[in-house]
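J.: This is the structure, below, for whatever I ask next.
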Amino acid sequence: MYHDIYISEKSVKIIGISATEQIMTERKPLMNEAIIRIENVSKTFTTTDNTVEALKNINLEIGRGEIFGIIGMSGAGKSTLVRTLNFLEKPTEGTVIIEDKDLSKLSEKEIRKVRTEIAMIFQSFNLLAQRTVLDNICFPLEIIGTPKAKARERARELLQIVGLEAKENSYPSQLSGGQKQRVAIARALANNPKILLCDEATSALDPTTTKAILKLLKEINEKYGITIVIITHEMTVVQEICSHVAIIDEGVLAEHGTVEEVFSHPKSKAAKKLVFMVNHSTPRMDGRRCIRITFSENSSFEPVIANMVLECNAPVNILLADTQDIGGIAHGQMILQLPEDTATQEKMIEYLKRCNLEVEDEDWPCD
Ligand SMILES: Nc1ncnc2c1ncn2[C@@H]1O[C@H](COP(=O)(O)OP(=O)(O)O)[C@@H](O)[C@H]1O
Ligand SMILES: [Mg+2]
């Protein structure tokens, strides 16, 4: 059974960590306890011909047991940020604190020890082509000196967790992308990490396989209390499994909060772009006033907007309309650009409020 791997004498010997540390109940998340603290982290890359400020003064806390999404456009600094979490990339300024260990104050040897508690998976899987599935999973166990028979036993348990028992003798080239990522996940779990970092782990997979892998990650998070950090450029991934999200834009932390907060009330331009995937080709209208209307029940905007347009006898520009399922609740938002005439604007807002919709002025990037 999966649970046994954390509490049995056998596995305790395999991984050489005290039994109490392995009992899963001890890993139950304590409310608001940060497992990762990123403090004033900046990272500048200097090459012969230029300097890139990849991260600019990032401050962020990730709670124990959370599935935390870090999202941003390509080149925003996400991979750099995730590599600073285990000091594979040393910040130019600032530090990272894992549990109570300030990584900037540790020796190389001590950092290596912390790294064994932080596993990583990638878009490219990084499996060893010459090794079978089973031997790929045994690899990190071999490195820490686990006897071969025990490593294989543990690897088989891990294969069960990821649902790939039948493939232990296959080579990576014989597997689909989803199966390769399952092997990578099994390998990442071999040393019982407390944190699993996933850098674009589903970006090479089709939508159905992505869903299956995300489901597996969620199961691992729930069963074993492992904190998961998901780096992605896809909002749907965050929406699917994350509880919290941070948005990185050109090296800056643009916004962070619960997924529900950020999805329903994105504040920064970067968040708005990601949440709604802004379409800049909306038709031109002279009015500059934009409003956002929000609902969080199973109602529909369309008849309301149509009736408002009829009643006020003036057109509006629907800049964006979006309905999303967040934690089982339908959230809808619409951004409207109103006509130039202020009296008509007020009449429209009043109409929408009468329909019990939440209305607020919106500083929408119309440029
Ligand atoms: N080792 C490096 N040397 C120089 N520049 C780098 C290095 N790693 C990343 N960068 C630069 O830092 C910026 C952020 O990169 P990255 O963290 O990979 O972004 P993301 O993962 O969000 O796509 C980019 O401009 C990239 O070119
Ligand atoms: Mg990246």
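J.: Binned at 10 Å from 0, what are the whole-percent values of the Cα-Cα distance distribution for region 218-267, short to long?
T.: For region 218-267, the binned pair fractions read 23, 53, 22, 3 percent.
J.: Tell me, in nm to one decimal, what length is gained between Asp361 and Leu88 on full extension, where the rule is 0.36 nm per residue of separation less the Cα-Cα distance? Before the final figure, lay out each step's value.
T.: Details: separation 273, 0.36 × 273 = 98.28 nm, distance 4.37 nm.
So the extension gain works out to 93.9 nm.
J.: To continue, here is another question. Between Glu311 and Phe45, what is the spin-label point distance in nm, taking each point 7 Å from the Cα along the Cα→C-beta axis?
T.: 5.5 nm
J.: Which entries in Lys215/Lys272; Lys113/Lys273; Lys56/Lys211; Lys150/Lys218; Lys78/Lys180 show an alpha-carbon gap greater than 31 Å? Intermediate results must be reported in sequence, preceding the final value.
T.: Details: Lys215/Lys272 26 Å; Lys113/Lys273 39 Å; Lys56/Lys211 33 Å; Lys150/Lys218 27 Å; Lys78/Lys180 23 Å.
Cα-Cα > 31 Å for Lys113/Lys273; Lys56/Lys211; rest within.
J.: If you don't mind, another one. Could you tell me what a quarter of the Cα convex hull surface of region 4-270 works out to, in nm² with one decimal place? Kindly include the intermediate steps, with their values, before the conclusion.
T.: Numbers: hull surface 59.6 nm².
Average projection, Cα convex hull of region 4-270: 14.9 nm².
J.: Using 7 Å Cα-to-Cβ label points, what is the Glu346/Asp322 separation (nm, one decimal)?
T.: Output for this residue pair reads 3.1 nm.
Every read-out reported here was derived from the displayed coordinates using simple, explicitly stated rules and does not represent laboratory data. Given the structure is predicted, the values throughout are model-derived calculations rather than measurements. Reconstructed Cβ throughout: ideal geometry from the backbone, glycine too, with neighbour counts over all protein chains shown.
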